[in-house]
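*Asks:* For reference, the structure I am asking about is given below.
The values are calculated or read from the model by the stated rules, or taken from the named source; none is laboratory data. As the structure is a prediction and not an experimental result, all values here were calculated from the model. Neighbour counts are summed over all protein chains in view; Cβ atoms, including those assigned to glycine, are modelled from backbone coordinates with ideal geometry.
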Amino acid sequence: MAEPSIIFDEVNQRQGVFTRRVFLLGGLTAGAMGVLTGRLAQIQLVENKQYREQAKQNQFRRTVIIPPRGVILDRNGVSLASNRPSFRVMFTPADAPDANVALDAIASVLEIPDERRESIRRAMARAPKYRPIELAEDMTWEQFSAVNIRTPELPGVTVSDSNARVYPFGGAFAHVVGYVHAVSKGDFDRPGIVRNDLTMNPAYRIGKTGVEQALEVQLQGVAGAEMNEVDNKGRVVRRRAEEDIQPVAGAEVKLTLDADIQNRAMEVFGEESGAAVMMDCRTGDILCLASAPGFDANAWVKGVSQREYAALSAYERKPLLNKAFGGTYFPGSTFKMTVALAALTKGIPETTTHTCTGGWPYGGRTWHCDAAHGTINMHDAIRVSCDIYFYQTAVAIGPEVIAETARKLGLGGVFDVGINTPKQTPGTVPDPAWKREYFKNRNKDQMAWYGGDTVSMGIGQGLITVNALEQCVMVSRLANVNRKALIPRLIKSVGDAEQPSGAAVPDLAFPPAHIDFIRSAMASVVTGGTAASSAQLNLGPIKMAGKTGTAQSHGYGTGSRATLHLGWDQRDHAWFVAFAPYDDPRYAIAVLVEHGGWGASAAAPRAREIMRTALLKDPDIRERIKNPASFTDPYGIAANVAGPVNSASPVKDLPESVEPPPPPDIIPAGAPQ
């Protein structure tokens, strides 16, 4: 009887194990079904909208429509940067059965070189298959037609018309307006630039320099979209034009520049190197911000070759450098006005005299002047540009007062004109504190301030440097009738938003009598001083006041200061700063001619021609030229000017449209500075 009992126990044991397994598997199955049911409920009920949108995206494809880039205009509405029609070929890998085979077929039609073909393949590997890749841009109508005819046999290829950036004046505005080019990785590190369907589109062009870069977000506009219905392989089967989203053009940007004045500046520079900056000394508006030589911004839209870039970079006249505020130079004798103003501030009267014999011993050496001027006062020292007078004046007042005066006039500062502010290279206004700080980690032996530093500073040499924009600001502050510490303004408006005026600033911190004296001395420079032969406007009663300057570009050693006989890069730099009319100041200008030699022979004639253009465009000035007797001198400046006020005959019949005068005749070598 024991045997059956053993058998039944074993059977019962096996049945128990089976039952437990059934319950376990059943429980697991029920749990899984519960999870699946819950997930399905979530998808159907909670996430229904999300997946419906994804399904719609699988069925429809939006193709980015690049918006027209905002135009850039001068103050009178003249186009400086605009858009023109452009044809391009795009390839969408998702629309081709075999992208590589399709690319080879396309390349044979477009004659794409192997190097470019490999570049396209790399772009295909990085980008999503549905994102178009640019194969060719800016095609001619003939090229466009040839490709368009064959698109049915080229899967994935689309030919479209869009916009390309164009700069009507080529190189005249290249430094200030800038240019656009294809987006690079580093562009996304810039403030306000984000990765989106527009900026990632291969046909999009982003601002790289100048206004184009600084106002990229405003000029960019808002992208539109073209809606297409696609099949399960991503191929377009139907256009849905009624669902397209229209793009919004970028904002219109208006600058304070005047295209006529800027173009005239570039014209008179010719092959010379340098800069010209003009401001309206009533408002602070920049009318001219020219840097010569320039470069054709149109060529940079598509990109220049490494060979072209290397040639431009190596050229000694530096066409890629914005010399208007990106290069610094000794101011030379144009700084003497600052020293004179500092002396007046210190309490030294303008009647103070010094005797110039051509040489002055100081600090164990002899400091020279270009001539023996005899005993002269401050006014005449500015007029004839006597170095020895200002050597002694600088020593009498000290570097701290000179530096403080220079900074109040705008020298050594960075001005936010709305473009490339980090790339401005401010000049240096030295004093003993600056020198200690500058040299403490460079050369401690040079930290001390020496008497020779002050002497050199007196004539705008040594440690002091300026750029052309600062020089123009200085003259504008000296010349404006409201005696304001003007700041320059370049961006006039963005869209409908007018930008703040440069005249909304505090008063200039100098007594009016001191400013009037400096203006009078500058007027005498043109009527009977160093610029008498080269800065006459010949516009009847309209006269210009200014100051010449010749600045060292290298050490003279024991040789002669006259450098016109040397090679181009060994000649001195030429400056001329001025304002006009001197009896009712409206326009201020600073002209630098790199290695031009004398300021009177190289810079002053060019400043004269640029100033004439501005004056002849001004209707009030034209009226004064026609009717000189109708104007009264409300500021009393003309009475303080040495020399005849109306040395040229008034122009009775000035035409309504004035042709630009011919390029200036350069004064022969050997003219005074």
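*Asks:* Name, by its number, the condition in (1) at pLDDT 80 or above; (2) out of contact with any helix residue (DSSP H, G or I) (no Cβ under 8 Å at 6 or more places or on another chain); (3) among the basic types (Lys, Arg) that does not hold for LYS49.
*Replies:* For LYS49, the exception is condition (1).
*Asks:* Just to confirm my filter: which strands (runs of 3 or more DSSP E) fall fully inside segment 490-600 and include at least 1 residues that are modelled with pLDDT under 95 and closer than 26 Å to LYS408 by Cβ?
*Replies:* Hits in segment 490-600: 545-551, 573-580.
*Asks:* Please find, among VAL494, VAL473, the residue that is surrounded by fewer than 21 Cβ atoms within 10 Å (Cβ to Cβ), of a type in the set (Val, Ile, Thr) and under 30 Å from VAL253 (Cβ atoms).
*Replies:* After applying the criteria, what remains is VAL494.
*Asks:* In addition: Within the set of pairs 6 or more residues apart or between chains, which connect a residue that is assigned by TED's automatic domain parsing to the domain that holds GLN461 and closer than 13 Å to THR527 by Cβ inside segment 541-553 to a residue that is surrounded by 24 or more Cβ atoms within 10 Å (Cβ to Cβ) and among the aromatic types (Phe, Trp, Tyr) with Cβ atoms less than 6 Å apart?
*Replies:* LYS543/TYR582; ALA545/PHE579; ALA545/TYR582; GLY546/PHE576
*Asks:* Can you tell me which of ARG365, ARG307 is farther than 26 Å from GLN424 by Cα, at pLDDT 90 or above and of a type in the set (Lys, Arg)?
*Replies:* After ruling out the rest, the residue left standing is ARG365.
*Asks:* Residue by residue through segment 380-398, note down the ones that are without any contact (Cβ under 8 Å) to a residue 60 or more places away in the chain and hydroxyl-bearing (Ser, Thr, Tyr).
*Replies:* TYR389
*Asks:* Test each condition in (1) of a type outside the set (Gly, Ala, Ser); (2) in contact (Cβ under 8 Å) with a residue 60 or more places away in the chain; (3) assigned to a loop (DSSP other than H, G, I, E, B); (4) farther than 17 Å from ILE388 by Cα for GLU350 and report the one that comes out false.
*Replies:* Here GLU350 meets the rest and fails (4).
*Asks:* Among residues belonging to segment 164-205 that are among the acidic types (Asp, Glu) and free of Cβ contacts under 8 Å to residues at least 60 places away in the same chain, point out the one that is farthest from LYS254 (Cα to Cα).
*Replies:* So, considering only residues that are among the acidic types (Asp, Glu) and free of Cβ contacts under 8 Å to residues at least 60 places away in the same chain, the one farthest from LYS254 (Cα to Cα) is ASP189.
*Asks:* If the Cβ limit is 6 Å and pairs must be 6+ apart or interchain, which residue in segment 71-90 that is over 18 Å from GLY207 (Cα atoms) pairs with which residue that is of a type in the set (Val, Ile, Thr) and part of a loop (DSSP other than H, G, I, E, B)?
*Replies:* ARG75/THR256
*Asks:* Mind telling me which of the residues GLY347, GLY270 ends up being at pLDDT 95 or above and not aliphatic (A, V, I, L, M)?
*Replies:* The match here is GLY347.
*Asks:* Within the group GLU134, GLU115, GLU142, which residue is in contact (Cβ under 8 Å) with a residue 24 or more places away in the chain, surrounded by fewer than 19 Cβ atoms within 10 Å (Cβ to Cβ) and outside any loop (DSSP other than H, G, I, E, B)?
*Replies:* GLU134
*Asks:* Which residues, counting only those in segment 103-130, are out of contact with any strand residue (DSSP E or B) (no Cβ under 9 Å at 6 or more places or on another chain) and of a type in the set (Lys, Arg)?
*Replies:* If the condition is that a residue be out of contact with any strand residue (DSSP E or B) (no Cβ under 9 Å at 6 or more places or on another chain) and of a type in the set (Lys, Arg), then ARG117, ARG121, ARG122, ARG126, LYS129 are the ones that fit.
*Asks:* Is it the case that some residue within segment 307-328 is of a type in the set (A, V, I, L, M), closer than 13 Å to ALA468 by Cβ and outside any strand (DSSP E or B)?
*Replies:* yes
*Asks:* Another question about this same structure. Contact list please: Cβ distance under 7 Å, first residue in segment 216-228 and farther than 17 Å from THR63 by Cα, second residue part of a strand (DSSP E or B) and not aliphatic (A, V, I, L, M), pairs at least six apart or on different chains.
*Replies:* These pairs meet every condition: GLU216/GLY207; LEU219/GLY207.
*Asks:* Still on this structure: Which condition number in (1) closer than 30 Å to SER385 by Cα; (2) under 16 Å from the mean Cα position of the chain (by Cα); (3) crowded, with 23+ Cβ neighbours inside 10 Å is the one that GLY326 fails?
*Replies:* That leaves (3) as the condition not met.
*Asks:* It is to be established whether one or more residues within segment 224-240 are among the β-branched types (Val, Ile, Thr) and closer than 21 Å to ALA299 by Cα.
*Replies:* no
*Asks:* Now, a different point. For segment 381-404, check the following and say yes or no: at least one residue is aliphatic (A, V, I, L, M), assigned by TED's automatic domain parsing to the domain that holds CYS472 and in a loop (DSSP other than H, G, I, E, B).
*Replies:* no
*Asks:* To continue, here is another question. When residues of segment 422-463 are filtered for being under 24 Å from the mean Cα position of the chain (by Cα) and either outside any helix (DSSP H, G or I) or in contact (Cβ under 8 Å) with a residue 24 or more places away in the chain (or both), how many remain?
*Replies:* Count: 7.
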